[in-house]
1. Taking the condition open to solvent by less than 30 Å² (accessible area, probe 1.4 Å), touching a residue at least 12 places away in the same chain (Cβ under 8 Å) and part of a strand (DSSP E or B), does ILE500 pass?
2. Return only the number of the condition from (1) open to solvent by less than 40 Å² (accessible area, probe 1.4 Å); (2) at pLDDT below 90 that LEU362 does not satisfy.
3. Among the residues of the range 10-30, which ones are within 20 Å of VAL222 (Cα to Cα) and open to solvent by 80 Å² or more (accessible area, probe 1.4 Å)?
4. Counting only residues that are free of Cβ contacts under 8 Å to residues at least 24 places away in the same chain and not in a strand (DSSP E or B), how many does the range 449-488 have?
5. Against the definition (within 26 Å of TYR520 (Cα to Cα) and exposed (fewer than 15 other Cβ atoms within 10 Å of the Cβ)), how does HIS485 come out, yes or no?
6. Step by step: first the residues of the range 230-253, then only those that are open to solvent by 10 Å² or more (accessible area, probe 1.4 Å), out of contact with any Phe, Trp or Tyr (no Cβ under 6 Å at 6 or more places or on another chain) and of a type outside the set (D, E, K, R), then the one that is nearest to GLN313 (Cα to Cα). Which residue is that?
7. Among the residues of the range 477-495, how many are farther than 25 Å from LYS450 by Cα and at pLDDT 80 or above?
8. Can you tell me which residue within the range 59-77, out of those that are touching a residue at least 40 places away in the same chain (Cβ under 8 Å) and over 12 Å from SER223 (Cα atoms), is surrounded by the fewest Cβ atoms within 10 Å (Cβ to Cβ)?
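The values are calculated or read from the model by the stated rules, or taken from the named source; none is laboratory data. Owing to the predicted nature of the structure, the values given are computational and were not obtained by experimental measurement. All Cβ positions, glycine included, derive from the backbone under ideal geometry; neighbour counts span all protein chains shown. Accessible surface is based on the protein model in full, side chains and every heavy atom, while ligands, DNA and RNA are left aside. Shrake-Rupley method; radii C 1.70, N 1.55, O 1.52, S 1.80 Å.
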Amino acid sequence: PFGTFDGEDHECALWLLLKRTQSEDKEVRLQAVQDLAKNTHWHDYQYSTVAQTCDQRTAIGLARSKDIDLRFFLPPPSLPKMRNDYLIEDELRLLLVSLPQTGLDPCVQYFTSLALRESSQTLAAQRGSLWCFGGNGLPYCETLGKVPSETVELFCLQALVQHSKVSSHCDKIEAQGGLQLLQRIYQLRKDSAKIQRNIIRIIGNMALDERLHSSIVRAGWVSVLAEVMKSPHVIQSSHASRALANLDRDTVQEKYPDGVYVLHPQYRSSQPIRADILFVHGLLGAAFKTWRQQDIEQPLDKKASEVQEEYSQCWPKTWLASDCPALRIISVEYDTRLSDWKAKCPVEPHRTSIAYRSNELLEKLRAAGIGERPLVWVSHSMGGLLVKKMLVDASKNPEMDKIVNNTRGIIFYSVPHHGSQLAEYSINARYLLFPSVEVKELSKDSPALKVLNDDFVSFAKDKKFPVLSFAETLPTHIGSMLKLHVVPLESAKLGIGELIPVDVNHLNICKPKKKDAFLYQRTLKFIQDVLATDLGE
């Protein structure tokens, strides 16, 4: 209860709302944050008042509110002025050296040694001699007049991404001032979306640990994430959305590990979520680019900006979310490759097998709450084999019962149930000589594929899973020389459910031309039909 208050009504309203945002009653608290965010009539000084007086929980709630005014947030704290001879890569290298180097996951070791090796070579470049780039391919050297600092920073950040997946290393990163260093790099590298994306990915990983939330907020990351949420680029906004969801313990029960992205809803919403849709990409795919609209040519009578406005960078996030707002739409990302020469982490090849990936991804999905609601799986290419393996594995693990029992349907876009010609052909000799584990597993009539398919079909029939499969009928250009029917019709035949051939190639089978195209409309109808009871339609 308030006593007398010497101020205007709107002043009173602001302080009342701020008081309510700290209420012990969760409903009162959430409503107050919503009311603060919705009111667009505050004065500049009132936004500043909120920014300076609201608690951490409120700031995170405001950042996760749709169309939020960025004046609600304090800018990141000022960092000490840099010396003239200051080099960011030196700071990154010192941070990496300070992190534990023993008993590490081999991939973390690999990325760390790679980053440190590349950093040390900048010294040669400063002296005007050769700079050698090992990278992920064959080493080559160039004479450079200046340090390729952005490339070195990227190496170091990719190593930090791997370290940030280890909880104890996150503590060390925070203790060594890593959050402030990352903030400085973020502000200096506004011109590099890739560097900024890697940094936000690290923050998202560190946010999985609630003990670090206060440090993340104090380092000014909430205002940065709120701004990136407004980005028109789906990859940037989804990375920020994941980080904020991991920070928001007031309304989000789930945690989103590295590589698990919520496409909808990305903001706090009063709309109840009734079911989950999970998208799993294939070989050389990604969580966002795989599910974009088919690339369109610009009509003569339309400006480029108009075409861009209508184009969907990720149709599950735009079209599906608007047609089925009561769904939580998740897309996962994992590294795949055609050749071991292009390996992102060329150690322990078994780690890239379908069996290993299945276990790893199931654990991540369980943390994200997959299995708690009715579920539809959507997969492209090799992603479909991964979905089958995950469901078969989950059926043998009592702790994963919910994932199996809540599965309402599965969509396969050109999945090579019986193998692919990709395993027999290659763009050039190096792919032929060093095919990656993934490509080897796609060999036609592979015994492992047959066992997986037999196990899955038997199990799916028993569970009466509705299944919809699409098959490509056109060849795909791979490189400039090869034209290949990646998944022939016979291989796309699962043996259960409906199979629909579509006149597109392997890459476009999961990229509808437009919202009213058959490919999207048939997908939408299947989802609505299998979830009709759950969605109350």
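1. So ILE500 passes the test.
2. Here LEU362 meets the rest and fails (2).
3. Within the range 10-30, just GLN22 meets the criteria.
4. 6
5. no
6. Filtering the range 230-253 for residues that are open to solvent by 10 Å² or more (accessible area, probe 1.4 Å), out of contact with any Phe, Trp or Tyr (no Cβ under 6 Å at 6 or more places or on another chain) and of a type outside the set (D, E, K, R), the one nearest to GLN313 (Cα to Cα) comes out as HIS233.
7. Counting residues in the range 477-495 that are farther than 25 Å from LYS450 by Cα and at pLDDT 80 or above gives 2.
8. For the range 59-77, the residue satisfying everything is LYS66.
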